[in-house]
Amino acid sequence: MAPAAFVTNTFYFQMGNEMRRVQRQAYLAKAVALDTERPDLADSDVARNLWTKAPQWQGLRELIEKQLIAFDWGEAFVSRNLVVRPIFDHVFNSEIAGLAKVNGDDLLALLHDDFRNYDEAYAIENTKALVGYATGKVASHADLVRDWIRRWKPLGERAAQGLSKAMATAPGADSAEAIFQLTMAAQAKLVADCGL
């Protein structure tokens, strides 16, 4: 819960966008599972097993699980919106949309383009506005935000490396290093756009 209703309310909209993304992905996974006669694609036990054991997910898993127990609201916001989210959004919106286009899946490409053009754009503007407000009110907040970013960025890089390696195995994908560099550039761009 944010320290003020003015902040909390804007993040309710972001949360709604994220829940819609989860719901659309779940529907899509189930549709693909039914269409390809692979029910395991939408099976919770299979997904949980991949999340807890597959090496490419462990960096993201560690980052998210540690982020979920950040007790300070400011640190939780910074780690979520300036580290986790830009990394996750780049991989799951931009990279998947690009792969879908290369592989002739226009529906998946449009779905992820939609996430990027609307939900991700809202989150970016929301993040920039809150960072701008906080650092505008108290200039030393910028140093605190930078310190939190430095603390969380190594976990973010590890997450991005695992996801990049996984994405690079798809037909038509760029190299893992290229995906990693683009992912971290997206994270750095948001930080820079926030004036940090």
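Ordered from largest to smallest accessible area (heavy atoms of protein chains, 1.4 Å probe), the residues Y12, Y122 come out as Y12, Y122. If only the Cβ of Lys and Arg carry +1 and only the Cβ of Asp and Glu carry -1, the dipole of the range 70-196 around its Cα centre is close to 460 debye. Taken along its principal axes, the alpha carbon cloud of the chain reaches lengths of 56, 33, 29 Å, longest axis first. Quick one: compute the contact order of the range 1-141, relative version, from alpha carbon pairs under 8 angstrom and 6+ residues apart, as a percent. RCO, the range 1-141: 20 percent. Extension gain for K53-D106 works out to 16.0 nm (0.36 nm per residue, less the C-alpha to C-alpha distance).
Counting only the backbone N, which residues of the range 177-196 are under 20 Å from the spot 7 Å out from the Cα of L144 toward its beta-carbon? What the label zone holds, given the 20 Å backbone N cut-off, is 191-192, 194-196. Within the shell of other residues whose beta carbon sits under 15 angstrom from the beta carbon of V32, the net charge comes to -3, with Lys and Arg scored +1 and Asp and Glu -1.
Full extension of the segment from T8 to K30, taken as 0.36 nm per residue of separation minus the current Cα-Cα distance, would add 4.7 nm.
Under 16 Å of direct C-alpha separation, and excluding same-chain neighbours fewer than eight residues apart, K53 reaches these lysines: K165. Highest mean packing first, where packing is the average number of other Cβ atoms within 10 Å per residue, the peptides 102-110, 80-88, 179-187 line up as 80-88, 179-187, 102-110. Net charge dipole, the range 64-136: roughly 220 debye, given to the nearest 20, about the Cα centre with Cβ charges of +1 for Lys and Arg and -1 for Asp and Glu.
The values are calculated or read from the model by the stated rules, or taken from the named source; none is laboratory data. Owing to the predicted nature of the structure, the values given are computational and were not obtained by experimental measurement. All Cβ positions, glycine included, derive from the backbone under ideal geometry; neighbour counts span all protein chains shown. Surface accessibility is based on the protein's heavy atoms, side chains included, excluding ligands, DNA and RNA. Shrake-Rupley method; radii C 1.70, N 1.55, O 1.52, S 1.80 Å.
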